[in-house]
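The values are calculated or read from the model by the stated rules, or taken from the named source; none is laboratory data. Model, not experiment: these values are computed from the prediction. Methodologically, a virtual Cβ is constructed for each residue, glycine included, from the backbone with ideal geometry; neighbour enumeration extends over all protein chains shown. Note: accessible area is taken over every heavy atom of the protein model, side chains too, but ligands, DNA and RNA are not part of it. Shrake-Rupley method; radii C 1.70, N 1.55, O 1.52, S 1.80 Å.
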Amino acid sequence: MALTQSDIDSELAHVRESYDKARAEGAPATDHPPRDFPPYRSSVLRHPKQPLVAVHGDPETVELHTPVFGHTDITAIDNDLTVQHQGEPLGERITVSGRLLDSRGRPVRGQLIELWQANASGRYAHLRDQHPAPLDPNFTGVGRTLTGDDGSYHFTTIKPGAYPWRNHENAWRPAHLHFSVFGAAFTQRLVTQMYFPGDPLFAYDPILQSVTDDSARQRLVAHYDHTLSRPEWSLGYRWDIVLDGPSATWIEEGR
């Protein structure tokens, strides 16, 4: 029998109550949810259940078996998802910009940031996404860029739509962008999500609600920035990614 929204709400309330109690007893705030978060059903099945395996030997040998990224790997249109095909993609154009920062607010330069997303109808250009929403032949939904000397990044894309995901009865994901950030190699990859302000689905999404600390959850929501909007072209959103420290952005651990 499928879980209802009431079932999910009850589980979320229990998790939130346990977190609030732990905080009241002096436990530190935590930005990251447990890897086996019951309301997010697939995390229970997918999270690692065994201790991590330590890689012994020369660390440089490990690095040689991971991808190496450089400026020559990025083309001029990789960060503009609206011009990667011959035709115009459907949907609301947006620009998303921000900075990649360390725990002290210092810019992190020359780092590869990847973005992937659903189209305006809420469907991914992926064989496993078969829900009845139209694909857009002029929108693949994948982009990448390197951060500048000030840690800045910039993407032009289409605002994604919400989509069903069968976690429970009538489950819909809020509109969001997936981001991954690389260090010097694939082994240093971090993955997170950016959401749009004012989405009515926030309260119903176990993935976003798994971030029990309210301030950490709010940091996943971008801010509308009129100075980033381009006249008669796109609306602008600003979203910084903080790698560590008290203002760190939530990272999808083991998901």
Selection of GluC sites (Glu not before Pro), segment 207-255, meeting DSSP coil and at most 12 other Cβ within 10 Å
232
Under-5 Å amide H pairs with residue 158, H placed in peptide plane, nonlocal only
94
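Looking at the chain, what % of its DSSP beta bridges pair antiparallel, to the nearest 5?
Values: 28 of 36 bridges.
Bridges in the chain that DSSP calls antiparallel: roughly 80 percent.
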With DNA, RNA and ligands ignored, accessible area of residue 25 (1.4 Å probe; Å², nearest 10)
140 Å²
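From largest accessible area down, sort 126, 226, 154, 178; use a 1.4 Å probe on the protein chains. Walk me through the intermediate numbers first.
Working: 126 110, 226 135, 154 75, 178 25 Å².
From most accessible down to least: 226, 126, 154, 178.
Please tell me the relative contact order of segment 5-242 in percent, rounded to the nearest whole number, where contacts are Cα pairs under 8 Å and at least six residues apart.
On the way: 441 pairs, mean separation 57.0, N = 238.
That works out to 24 percent.
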Only one of the values (1) 1.06; (2) 1.61; (3) 1.14 was calculated from this structure for Cα Rg over 2.2 N^0.38 Å; name its label.
(1)
For segment 87-185, run through the GluC sites (Glu not before Pro) and keep only the ones in DSSP coil with at most 13 other Cβ atoms within 10 Å of their Cβ.
92, 169
Scalar couplings 3J(HN,Hα) for segment 207-221 by Karplus 6.51 cos²θ - 1.76 cosθ + 1.60 (θ = phi - 60°), nearest whole Hz, x for Gly and Pro, are 5, 5, 6, 5, 7, 6, 7, 4, 5, 5, 5, 5, 6, 8, 9
Computed ³J(HN,Hα) along segment 126-135: with the Karplus parameters 6.51/-1.76/1.60, θ = phi - 60°, integer Hz and x for glycine or proline, the list is 9, 4, 7, 8, 10, 6, x, 10, x, 7
Going by amide H atoms built from the backbone, whose H comes under 5 Å of the H on residue 241, apart from near neighbours?
99, 100, 101
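Tell me the trypsin sites (Lys or Arg not before Pro) within segment 114-170 that lie in a loop according to DSSP and have at most 12 other beta-carbon atoms within 10 Å.
On the way: sites: 123, 128, 144, 166; in loops: 123, 128, 166.
Passing both the DSSP loop test and the Cβ count: 128, 166.
Can you check what the net charge comes to around residue 122, using other residues whose Cβ is under 12 Å from the Cβ of residue 122 (Lys, Arg +1; Asp, Glu -1)?
Numbers: positive: 123, 159, 173; negative: 129, 136.
Local net charge: +1.
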Can you list the residues, at least 5 places off or on another chain, whose amide H is less than 5 Å from the amide H of residue 111, using H built in the peptide plane?
147
Apply the Karplus parameterisation 6.51 cos²θ - 1.76 cosθ + 1.60, with θ equal to phi minus 60°, to every residue of segment 143-160 and state each ³J(HN,Hα) to the nearest whole Hz, in sequence, with x for glycine and proline.
x, 7, 7, 10, 5, x, 4, 8, x, 7, 9, 8, 10, 10, 7, 10, 5, x
